[in-house]
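Since the structure comes first, as structure tokens, the remarks are kept for the end.
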Amino acid sequence: MGRINDVGGMQGFPSIAREDDEPAFHADWEAHVFAINRALLARGLYNLDEFRDAIERMSPQDYLAASYYERWLHGVTTLLVEKGVLAAGDLVDVAHDHG
Amino acid sequence: MQPGISWMSRTTMADELRPGDVVETPRTDPPHHTRVPRYARGATGTVVDFEGEHPLPDNRARGIATAPESVYTVRFAGDQLFDGTDHDIVLSMWRSYLTKKADDE
């Protein structure tokens, strides 16, 4: 059962856009997601393979619509809920407060 | 290849692979995380190097305690994987992904 991430060799995707002097992050929130993930990996809440797995379990529609760090955020929040650190409702509330 | 890891130290284990060994990859996708890309399923390749020992990601992603196992560099002829490709494709493969083909095959 292949997953949506496993698209190597598949036709039809646009070519990869390469930016000159591309910054590591295109917005502050991306750096925050990067830092949070590194901290949670270092604390041993989950390992790198669990993180990859969490991203690969995204629905195909969500996966293809998401940017790189949006996928990371999805992976982090999925694992925070599955590991019992957050309740699923907490994520909705935060999104609402900042909406 | 990591410095200090030699083939000589690996050859004492019966199930270890050596450069030149012909190997096959799994034909089917497992129902969990794996590091075998779809395009390399059911393919035949040749071991070219030893990359060290690492726990199998398929197990680690599922919280299954797992001892490190050998990871090999495996070369595939491009036309094995994609029609009209004339270059080689080289992948890192955990030992569990590989079945050694008998010498007479």
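The values are calculated or read from the model by the stated rules, or taken from the named source; none is laboratory data. Just so it is clear, the structure is predicted and the values come from calculations on it, not from any experiment. Glycine gets a Cβ as well: all are built from the backbone with ideal geometry, and neighbour counts include every protein chain shown.
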**Request:** For B:I89, indicate whether it is modelled with pLDDT of 95 or more and of a type outside the set (S, T, Y).
**Result:** yes
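Taking into account only those residues within segment B:31-42 that are more than 20 Å from B:K100 (Cβ to Cβ) and in a loop (DSSP other than H, G, I, E, B), which is farthest from the other protein chains (Cβ to nearest Cβ)? It would help to see each step written out before you state the result.
Just the residues of segment B:31-42 that are more than 20 Å from B:K100 (Cβ to Cβ), to begin with: B:31-33, B:37-39.
Checking the rest, the ones that are also in a loop (DSSP other than H, G, I, E, B) come to B:31-33, B:37.
Working: B:P31: 5, B:H32: 7, B:H33: 4, B:P37: 5 Å.
Residue satisfying both the conditions and the ranking: B:H32.
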**Asked** Of all residues in segment B:80-99, which are in contact (Cβ under 8 Å) with a residue 24 or more places away in the chain, surrounded by fewer than 16 Cβ atoms within 10 Å (Cβ to Cβ) and assigned to a strand (DSSP E or B)?
**Response** B:V90, B:S92, B:T99
**Request:** Identify the residue in segment A:1-33 that is over 29 Å from B:A65 (Cβ atoms) and facing chain B (nearest Cβ under 10 Å) and, among all such residues, is modelled with the highest pLDDT.
**Result:** A:V7
**Prompt:** For segment A:28-69, which residues satisfy the criterion of being surrounded by fewer than 17 Cβ atoms within 10 Å (Cβ to Cβ), of a type in the set (D, E) and under 10 Å from the mean Cα position of the chain (by Cα)?
**Reply:** none
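Within segment A:41-62, identify whether any single residue is more than 10 Å from chain B (Cβ to nearest Cβ), closer than 21 Å to B:V36 by Cα, touching a helix residue (DSSP H, G or I) at 6+ places or on another chain (Cβ under 8 Å) and part of a helix (DSSP H, G or I), and answer yes or no. Please lay out each step first, then the result.
Looking only at segment A:41-62, we keep the residues that are more than 10 Å from chain B (Cβ to nearest Cβ), and these are A:41-45, A:58-62.
Okay, now just the ones that are also closer than 21 Å to B:V36 by Cα, so A:58-60.
This time we only want the ones that are touching a helix residue (DSSP H, G or I) at 6+ places or on another chain (Cβ under 8 Å), so: A:58.
Applying the additional criterion that residues be part of a helix (DSSP H, G or I) yields none.
The answer is no, given that none of the residues of segment A:41-62 is more than 10 Å from chain B (Cβ to nearest Cβ), closer than 21 Å to B:V36 by Cα, touching a helix residue (DSSP H, G or I) at 6+ places or on another chain (Cβ under 8 Å) and part of a helix (DSSP H, G or I).
Assess whether A:D90 counts as being touching a strand residue (DSSP E or B) at 6+ places or on another chain (Cβ under 9 Å) and assigned to a helix (DSSP H, G or I).
Values: touching a strand residue (DSSP E or B) at 6+ places or on another chain (Cβ under 9 Å): no; assigned to a helix (DSSP H, G or I): yes.
In short, no.
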**Residues of segment B:44-59 satisfying the condition of being within 12 Å of chain A (Cβ to nearest Cβ) and surrounded by 20 or more Cβ atoms within 10 Å (Cβ to Cβ)** = B:L56, B:P57, B:D58
**Request:** Under 7 Å between Cβ atoms, at least 6 apart or on separate chains: pull out the pairs that start in segment A:34-58 with a residue that is closer than 17 Å to B:T66 by Cα and end on any residue that is surrounded by fewer than 15 Cβ atoms within 10 Å (Cβ to Cβ).
**Result:** A:Y46/A:K83
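Of the residues that make up segment B:52-65, is at least one part of a loop (DSSP other than H, G, I, E, B), in contact with a strand residue (DSSP E or B) (Cβ under 6 Å, 6 or more places away or on another chain) and in contact (Cβ under 8 Å) with a residue 24 or more places away in the chain?
If we filter segment B:52-65 for residues that are part of a loop (DSSP other than H, G, I, E, B), which is where we start, we get B:56, B:61-65.
Filter once more, so that each one left must be in contact with a strand residue (DSSP E or B) (Cβ under 6 Å, 6 or more places away or on another chain): B:56.
In the following step, the residues that additionally are in contact (Cβ under 8 Å) with a residue 24 or more places away in the chain were identified as B:56.
Looking through segment B:52-65, at least one residue is part of a loop (DSSP other than H, G, I, E, B), in contact with a strand residue (DSSP E or B) (Cβ under 6 Å, 6 or more places away or on another chain) and in contact (Cβ under 8 Å) with a residue 24 or more places away in the chain.
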